[in-house]
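Colleague: Below you will find the structure I want to go over with you.
The values are calculated or read from the model by the stated rules, or taken from the named source; none is laboratory data. Note that the structure is predicted; figures quoted are calculated from it, not measured. Cβ coordinates were reconstructed from backbone atoms using ideal geometry, including for glycine residues, and neighbour counts include every protein chain displayed. Just so you know, the surface numbers come from the protein's heavy atoms only, side chains and all, with ligands and any DNA or RNA stripped out. Shrake-Rupley method; radii C 1.70, N 1.55, O 1.52, S 1.80 Å.
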Amino acid sequence: MSAELHPAAPKILVLGIGNLLWADEGFGVRCVEALHQGWQLPPQVTLMDGGTQGLYLLPYVQEADCLLVFDAVDYGDPPGTLREVVGDQVPRFMGAKKMSLHQTGFQEVIAAAGFTGQLPRELVLIGVQPEELEDYGGSLRPLVKARIPAALELALQWLERWGAQPQARAPGEIPDGAAAPYLGDAALAMDCYEAQRPDALAAWRVGDPRFLNIRDQAEES
């Protein structure tokens, strides 16, 4: 496969959005991380950890012909339910129920790209119904983490449809030009993050118990 981008090849942006620090909110970022670690993609494909950057992502979206987004979205489904949303349904589903500011920000990105006449011609959202969000410093719940392979399979099918043939990496293979098989900071990679964070008993991750006690007493009175 040539390392140069063929003039006719569509520019593809695969974007993982969400916040790693709030449990299942990190699903989108973990998906794009896993795609980077497991698959070699042709040069017309850009993988990006979009985090919670909102409108800062606009120039990248405007440059893309095809956009695929991984995210955790509250559809009201049973936890762990995976949905594939296509085309003009993507903005509507991302606004189904706001879970955090990043979703409002990304709806604005899509709207702004449309206003400027630079909306990607194809939009795909691969979203999961979260199980837990109120866990600061927590990681994906097992039910949600188990949906990553299925989400990647859907993404690989779209990449093939768009003419970007993925190639599975050999076990332990490090991506070209990278010092390690991580898309971003190695300290935030899932294995490292889960191994080094304190457990819920050592670090109270759902609120200060002193505040919670005060609130409970106020409610009782």
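Colleague: I'm checking my understanding of the structure. Among residues of the range 147-205 that are assigned to a loop (DSSP other than H, G, I, E, B), charged (D, E, K, R) and under 20 Å from the mean Cα position of the chain (by Cα), which one is modelled with the lowest pLDDT?
Modeller: By that ranking, first place goes to D185.
Colleague: Here's another thing I want to ask about it. So how many residues does the range 134-150 have that are of a type in the set (A, V, I, L, M) and surrounded by fewer than 18 Cβ atoms within 10 Å (Cβ to Cβ)?
Modeller: Count: 3.
Colleague: May I ask you to list the residues in the range 95-143 that are in contact with a Lys or Arg (Cβ under 8 Å, 6 or more places away or on another chain), farther than 19 Å from D49 by Cα and modelled with pLDDT under 90?
Modeller: E132, D135, Y136
Results for (1) modelled with pLDDT of 90 or more; (2) open to solvent by 40 Å² or more (accessible area, probe 1.4 Å); (3) on the phi > 0 side of the Ramachandran plot, shown as yes or no for each residue.
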position: D24; (1), (2), (3): yes, no, no
position: R30; (1), (2), (3): yes, no, no
position: E33; (1), (2), (3): yes, no, no
position: V45; (1), (2), (3): yes, no, no
position: P59; (1), (2), (3): yes, yes, no
position: E63; (1), (2), (3): yes, yes, no
position: A72; (1), (2), (3): yes, no, no
position: G76; (1), (2), (3): no, yes, yes
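Colleague: Given the structure, is R92 farther than 18 Å from G50 by Cβ, open to solvent by less than 40 Å² (accessible area, probe 1.4 Å), at pLDDT below 90 and more than 16 Å from the chain's Cα centre (by Cα)?
Modeller: no
Colleague: Let me ask something additional. Could you please tell me which pairs satisfy a Cβ distance under 7 Å, a separation of 6+ or placement on different chains, a first residue in the range 51-64 that is of a type in the set (V, I, T), and a second residue that is modelled with pLDDT of 95 or more and not in a loop (DSSP other than H, G, I, E, B)?
Modeller: Close Cβ pairs satisfying both conditions: V61/L13; V61/L67.
Colleague: Being assigned to a loop (DSSP other than H, G, I, E, B), closer than 15 Å to I17 by Cα and not aliphatic (A, V, I, L, M) is the filter here, so list the residues in the range 123-138 that pass it.
Modeller: Answer for the range 123-138, where residues must be assigned to a loop (DSSP other than H, G, I, E, B), closer than 15 Å to I17 by Cα and not aliphatic (A, V, I, L, M): Q129, P130.
Colleague: Which ones in the range 117-159 are free of Cβ contacts under 8 Å to residues at least 12 places away in the same chain and of a type in the set (D, E, K, R)?
Modeller: Of everything in the range 117-159, just one residue is free of Cβ contacts under 8 Å to residues at least 12 places away in the same chain and of a type in the set (D, E, K, R), namely E153.
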